[in-house]
């Protein structure tokens with residue numbers, strides 16, 4: 001349940017006010033006081049009441065998207081990483097040296 005602070009602003013549980021900001025003439029707002037760093041990326045969500053929520057995101061290359069969309073691919077990748085960390089992977093540099101009949 002939301003609560004009100006001492007000046008009548010509604011506070012959402014889990015969120016802490018960090019200050020007030022003003023948009024400049026180009027509608028930009030600085031978020032440095034909130035811990036945002038240059039080049040950080042965010043998903044911007046707007047409620048019907050005009051409240052803005054920024055959710056930190058990490059963009060991934062499109063060709064890597066199938067890892068996140070297909071659980072069986074993610075599971076295979078994680079098994080491979082576990083095999084590597086456990087030393088269950090053999091070096092196959094000799095594979096690159098094979099004559100391909102050219």
Scan the range 44-56 and give yes if some residue there is farther than 30 Å from residue 11 by Cβ and either modelled with pLDDT under 90 or loosely packed, with under 10 Cβ neighbours inside 10 Å (or both), otherwise no.
-> no
Any residue in the range 78-102 that's closer than 24 Å to residue 67 by Cα: show its pairings with residues that are at pLDDT 75 or above and in a helix (DSSP H, G or I) at Cβ separation under 9 Å, as long as the two are six or more apart or on different chains.
-> 88/82; 89/80; 89/83
Number of positions in the range 48-68 that are touching a strand residue (DSSP E or B) at 6+ places or on another chain (Cβ under 8 Å) and within 19 Å of residue 22 (Cα to Cα) | 3
Checked pairs for the range 44-71, first over 29 Å from residue 28 (Cα atoms), second surrounded by 10 or more Cβ atoms within 10 Å (Cβ to Cβ), C-beta under 8 Å and 6 or more apart or across chains, list as 66/73; 67/73; 67/74; 67/77; 68/60; 68/74
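The values are calculated or read from the model by the stated rules, or taken from the named source; none is laboratory data. Because the structure is predicted, anything quoted here is derived from the model rather than measured. Cβ atoms come from the backbone with ideal geometry, glycine included; neighbour counts cover every protein chain shown.
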